[in-house]
Structures are given as structure tokens and as C-alpha cells.
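Asks: Before we start, here is the structure in question, set down as C-alpha cells.
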Amino acid sequence: MFEATTILACRGEKKAVIGGDGQVSFGNTVLKNNATKIRKLHEGKVLAGFAGSTADAFNLFDMFEGILNQKKGDLFKSVIEFSKEWRKDKMLRRLEAMMIVLDMNHIFILSGTGDVVEPEDGKIAAIGSGGNFAISAARALDRHSNLDEETLVKESLKIASELCIYTNDNIKTYTLESEA
């Protein structure tokens, strides 16, 4: 895991939400407290977040967005093509970043080795140094409360910020809502 950030995503029946903290660290120094590590892609129909090297993540975002546009917003086809490109390219294989991408139908973790992982529950995914704290909190809150997805993401990230020194409580979220 990266000592970089915490990104958490949750996909429900009517909402899909991604959130991230705002801390940028360099070693044991906080460089910035209010960074945005999440994005809306493909006309706002896909959400994405990154953990790891900022420069590497921007390259990956640009590459992924290009593939997403080629595939006309089909997230499943895009992550497969992205993985193929990532694994083939010698420079990309050295990038130190991970991504979560989701829409209303799918949620995927894209790793620094070109792996594509769909969470077993198809609902909750987390990356970054506080990822295990955030996903644990999110699963517990999901099982034992009636919080909506956005509140669940915010509360879980808040809990992660209390435990992980590389995560702060300056949380930003983006939400997709079902059109049906």
C-alpha cells in the first residue's frame, strides 16, 4: 500500500459515491491539506480516484480517460483495455499509483501492476494507506446502519483519518445518481 492517501468508493442501487481525503505527504511531511484526488470522467458518468504518486496518477487518469472515451463510456471494456495497455508499456509498469473507477453498474480497483479487481461484494472498494481502515468502517456501517452511500463514505473516511497518519479529514466526495 502507498503512504499517500485514502480513497473509498461505494456503489448502491440508486447512488454511486467516491471520496478521498486531501492530504499530500512527502515522507513524514504534509505538503498540502486540500488536494483533490477524485475526478468525474466521461461527461460525469464515471467516478475515479487515485492513491500514490501524483504525477503518475495524472498520467494514468489521462490514459484511462482516453480509453474510456474510445469505448464510449463502457467501464467494463475500458478497464480491460486499460489493464492490457498498462501491462504492455514498460514505463507504465513503473508507475506508483492505484485507481478506483466506478459507475452505476461496476466498481473496479486498478493496481500498479495492471491488475483489475472487482470487489467481491461489488459494492465497496478502498485504496491507499488508510484503505483498510476505511473499508472496515464502511462494511461495518453498511451492515449495521441505514446510512446512504454518501454519508457512509464520508463517515468511513473520517474514521480512517483518525487512524492513518497519511489521511486527513478534509474529505471530498462525488456522487452519481441513478436516472431510473
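Only the coordinates and a few stated rules stand behind these numbers; no lab work does. The model shown is predicted, which means the values in this text are computed figures rather than measured ones. Ideal geometry is used to build each Cβ from the backbone, glycine not excepted, and the neighbour counts take in all protein chains shown.
Asks: Applying the Karplus parametrisation 6.51 cos²θ - 1.76 cosθ + 1.60 with θ = phi - 60° to the phi angles of the stretch 58-74, what ³J(HN,Hα) value in whole Hz is obtained for each residue in order, glycine and proline being reported as x?
Replies: Whole-Hz 3J(HN,Hα) from phi for the stretch 58-74: 4, 4, 5, 4, 4, 5, 5, 5, x, 5, 4, 5, 4, 8, 6, x, 6.
Asks: Decide, for the chain, between rounded, prolate and oblate: order the square roots of the alpha carbon gyration tensor eigenvalues as a ≥ b ≥ c, take rounded if a/c falls under 1.5, and otherwise choose prolate if a/b is larger than b/c, else oblate.
Replies: Judged from the Cα gyration tensor, the chain comes out oblate (a/c at least 1.5, b/c at or above a/b).
Asks: Quote the charge dipole size of the chain about the Cα centre in Debye, to the nearest 20; the model charges only the Cβ of Lys and Arg (+1) and of Asp and Glu (-1). Don't jump to the answer; show the numbers that get you there.
Replies: Values: 23 positive and 26 negative charges, 75 e Å.
It works out to roughly 360 debye.
Asks: Straight-line reach from Lys88: which aspartates and glutamates fall under 14 Å, measuring Cα to Cα and dropping same-chain residues less than 8 apart?
Replies: Here the aspartates and glutamates satisfying the reach criterion relative to Lys88 are Asp115.
Asks: Compute the Cα gyration tensor for the stretch 80-180, then decide on rounded, prolate or oblate, letting a ≥ b ≥ c be the square roots of its eigenvalues: rounded whenever a/c is under 1.5, prolate when a/b is larger than b/c in the other cases, and oblate in all that remain. Mind showing how you got there, number by number?
Replies: Working: a/c = 2.32, a/b = 1.45, b/c = 1.60.
Taking the square roots of the gyration eigenvalues as a ≥ b ≥ c, the stretch 80-180 is oblate.
Asks: Suppose we flag trypsin sites (Lys or Arg not before Pro) only when DSSP calls them loop and at most 10 other Cβ atoms lie within 10 Å. Which is the longest uninterrupted stretch of the chain?
Replies: On the way: sites that count: Lys72, Lys90.
Here the longest segment lacking exposed loop sites spans 91-180.
Asks: Find how much the distance from Glu162 to Glu120 grows on full extension, using 0.36 nm per residue of separation minus their present alpha carbon separation; answer in nm with one decimal.
Replies: Residue separation times 0.36 nm, minus the Cα-Cα distance, leaves 12.5 nm.
Asks: About the Cα centre, and with charges only on the beta carbon of Lys, Arg (+1) and Asp, Glu (-1), how big is the dipole of the stretch 103-148? Nearest 20 debye, please. Intermediate values should be presented prior to the final figure.
Replies: Working: 3 positive and 7 negative charges, 39 e Å.
Computed charge dipole of the stretch 103-148: roughly 180 debye.
Asks: Arrange Leu31, Leu8, Leu141, Leu147 by Cβ neighbour counts within 10 Å, fewest through most, would you? Don't skip to the answer; put the middle values down first.
Replies: Details: Leu31 11, Leu8 32, Leu141 19, Leu147 16.
Least crowded to most crowded, the residues run Leu31, Leu147, Leu141, Leu8.
Asks: Explain nothing, just the number: relative contact order of the chain, from Cα pairs under 8 Å at least 6 residues apart, as a whole percent.
Replies: Numbers: 425 pairs, mean separation 60.9, N = 180.
Relative contact order for the chain comes out at 34 percent.
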